[in-house]
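Okay, so here's the structure we're looking at.
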Number of protein chains: 2
Amino acid sequence: VLDRRALDDVLDSALVCHLAVMVDGVPLVIPTVYGWQGDTLYIHRSTGAGTYRASVAGEPVCVTITVLDAVIYARSAFHHSVNYRSAIIHGRLRTVTDPEEQLVGLQAIVEHVAPGSWAVARPPSAKERAATAVVALDLTEASVKVRAADPGDEPEDIAADLIWAGVLPIEQSWGAAQPAADLLTARPVPTHVTSRSRPGVAHRAGTPLL
Amino acid sequence: VLDRRALDDVLDSALVCHLAVMVDGVPLVIPTVYGWQGDTLYIHRSTGAGTYRASVAGEPVCVTITVLDAVIYARSAFHHSVNYRSAIIHGRLRTVTDPEEQLVGLQAIVEHVAPGSWAVARPPSAKERAATAVVALDLTEASVKVRAADPGDEPEDIAADLIWAGVLPIEQSWGAAQPAADLLTARPVPTHVTSRSRPGVAHRAGTPLL
C-alpha cells in the first residue's frame with residue numbers, strides 16, 4: 001500500500017532522481033531533476049538524447065529517489081548502516097504531447113528545482129520547447145522505504161558494551177548565493193532564493209513526516 | 001578516456017550509489033552503500049535478496065553515483081539547472097567467493113560509510129559473512145560527468161538584464177552525533193566520528209578537484 005504522505009516527503013526532500021532505462025539491452029542509470037503534479041512525475045530530456053529515444057519506445061523504466069539522513073555507527077561492522085528515505089517508482093514513460101501539459105511539466109520541474117523562478121524567469125520559447133521532451137511517469141506504482149532508527153546491534157554486542165554506538169545525522173544547507181559572473185547589474189539576491197527552505201527537508205508538506 | 005582523479009572525487013564524496021539490475025525483464029534501481037579498493041567497487045546484498053539473485057545471473061548492471069553541488073538560477077526557465085558530479089559505471093557484477101576478498105570488500109564498505117569503524121567494531125562473524133553477498137564491479141568502465149559552472153543563459157537574456165541569476169551552493173555537514181538509546185555506558189563520541197570530514201567533499205584525495 002502506497003503511503004502517499006511518505007512519497008510526498010521523499011519527492012519534496014530530494015532534488016534529483018535516478019532514472020533507469022534500457023539502452024541496447026543494458027540498463028543505464030541517469031541522474032536528472034524532476035517535478036511532480038498530483039499523481040504524475042515529470043522529467044525532461046533533450047529530444048536528441050539517446051536515453052529519450054529509448055524511453056519513448058515504451059520500455060519499462062524505474063525511477064528511484066533517495067534522501068540520505070544519517071550514518072549508523074554500530075558495535076558490529078555488520079550493523080553499520082545509513083538512515084535514508086527512498087521512493088522506487090516503476091512504470092512506462094509517457095511522452096507528453098499536449099502543449100499545455102508540456103508547460104505544466106516544465107513548470108513543475110523548474111518550481112521544484114528553483115521555487116519561485118517560474119514567475120520571474122523568461123518562459124520557454126517555441127524553439128526551447130521543441131528541443132525539450134517532457135516525459136511523465138505515473139506515481140501510483142511507487143513504493144517508499146524509510147530507515148530512521150538507532151543501530152540494530154545484536155543483544156550480545158549491546159551487553160558487551162565495548163564501544164560507542166549511535167547516529168551521525170547528515171544535514172544539508174544552502175551556501176551563500178553567488179551571482180553569475182555575467183550579471184550586468186549588481187542586484188540583491190531575490191527573496192525566493194535567500195528564503196528558500198533547506199535541501200533534504202520537505203517544505204511543501206504541512207507536518208514533517210519524521 | 002576515464003579521468004581516474006575525477007572518478008575518485010565522486011566515489012569519495014558520495015555515500016550511496018544507485019544500482020540498476022534487471023528483475024523479470026524490468027529495471028530496478030536500488031540505493032545502496034558501497035566501498036572501493038583500487039579498480040574494484042564493492043557493494044553488499046543480503047544473500048536472500050531477489051536483487052542479489054538477479055545480479056549473480058551475470059546480467060549487465062549499471063551503477064550511478066551522484067553528488068549534487070548547487071542549483072543554477074538562470075534568466076530563462078529553460079536554463080535552470082544543477083551543478084553536479086556523477087559517475088556511471090557499466091559492467092557485470094562478480095560475486096566475491098574468496099573469503100579474503102570478501103573481507104576486503106566488507107572493510108572497504110564499512111570504512112567508506114564510517115571511516116575508522118573497522119578497527120574498533122566487532123568483525124563480521126561466520127554467520128554474518130554467510131548472510132552477506134559481497135559483489136564486485138570493475139571500475140575501469142566508468143565515465144564521469146561534471147557540471148560546475150554559472151548559468152548558461154542566452155546572450156539576449158543576459159543583455160536584457162531583467163533578473164538576478166547565479167549559483168546557490170548545496171552544502172552538507174554532520175549534525176550532532178546522537179548516542180544509541182541502548183548504549184549502556186555514557187561514553188564520549190569517538191574522535192573518528194567527531195573529526196569526520198564533511199559529506200559531499202572528497203577527503204581521501206590530496207588536492208580537491210573543483
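The values are calculated or read from the model by the stated rules, or taken from the named source; none is laboratory data. Everything quoted here is computed from the prediction, not taken from an experiment. As a convention, Cβ positions derive from the backbone with ideal geometry for all residues, glycine included, and neighbour counts pool all protein chains shown. We work out accessible area using only protein heavy atoms, side chains counted, and drop any ligands, DNA or RNA first. Shrake-Rupley method; radii C 1.70, N 1.55, O 1.52, S 1.80 Å.
Odds and ends about this structure:
- Neighbours by Cβ (under 9 Å, 6+ apart or cross-chain): first from the stretch A:145-157, under 15 Å from residue A:84 (Cβ atoms) and outside any loop (DSSP other than H, G, I, E, B); second at pLDDT below 95 and open to solvent by 40 Å² or more (accessible area, probe 1.4 Å): A:146/A:209; A:146/A:210
- Filtered residue count, the stretch B:119-144, keeping only those that are closer than 18 Å to residue B:98 by Cβ, more than 8 Å from every other protein chain (Cβ to nearest Cβ) and in a loop (DSSP other than H, G, I, E, B): 1
- For the stretch A:165-172, the criterion of being closer than 22 Å to residue A:76 by Cα and either in a loop (DSSP other than H, G, I, E, B) or more than 7 Å from chain B (Cβ to nearest Cβ) (or both) is met by at least one residue.
- Figure legend. Inter-residue proximity from the stretch B:95-118: first residues more than 21 Å from residue B:48 (Cβ to Cβ) and more than 8 Å from chain A (Cβ to nearest Cβ), second residues among the charged types (D, E, K, R) and open to solvent by less than 40 Å² (accessible area, probe 1.4 Å), beta-carbon distance below 7 Å, spacing 6+ or different chains. Indicated pairs: B:115/B:196.
- Across the stretch B:126-151, the number of residues qualifying as among the small types (Gly, Ala, Ser), surrounded by fewer than 20 Cβ atoms within 10 Å (Cβ to Cβ), farther than 20 Å from residue A:28 by Cβ and touching a strand residue (DSSP E or B) at 6+ places or on another chain (Cβ under 8 Å) comes to 3.
- Failed item in (1) among the aromatic types (Phe, Trp, Tyr); (2) within 20 Å of residue B:134 (Cβ to Cβ); (3) within 11 Å of chain A (Cβ to nearest Cβ), with residue B:36 passing the rest: (3)
- Test: residue A:113 is more than 30 Å from residue B:194 (Cβ to Cβ) and within 19 Å of the chain's Cα centre (by Cα): yes
- Test: residue A:188 is out of contact with any Ser or Thr (no Cβ under 7 Å at 6 or more places or on another chain), farther than 16 Å from residue B:157 by Cα, assigned to a loop (DSSP other than H, G, I, E, B) and not aromatic (Phe, Trp, Tyr): yes
- Taking first residues from the stretch B:128-143 that are in contact (Cβ under 8 Å) with a residue 40 or more places away in the chain and partners that are in a helix (DSSP H, G or I) and open to solvent by 10 Å² or more (accessible area, probe 1.4 Å), the Cβ contacts under 6 Å between residues at least 6 apart in sequence or on separate chains come to B:133/B:52; B:134/B:102.
- Condition met for residue A:190 (touching a residue at least 60 places away in the same chain (Cβ under 8 Å), within 8 Å of chain B (Cβ to nearest Cβ), within 30 Å of residue A:18 (Cβ to Cβ) and not hydroxyl-bearing (Ser, Thr, Tyr)): no
- Number of the condition not met by residue B:182 [criteria: (1) at the interface with another protein chain (Cβ under 7 Å from one of its Cβ atoms); (2) acidic (Asp, Glu); (3) exposed (fewer than 14 other Cβ atoms within 10 Å of the Cβ)]: (3)
- Hits in the stretch B:154-176 - residues which are open to solvent by 30 Å² or more (accessible area, probe 1.4 Å) and in contact with a His (Cβ under 9 Å, 6 or more places away or on another chain): B:154
- In summary, strands (runs of 3 or more DSSP E) completely within the stretch A:1-118 and bearing 3 or more residues that are open to solvent by less than 30 Å² (accessible area, probe 1.4 Å) occur at A:16-23, A:26-33, A:40-46, A:60-73, A:81-92.
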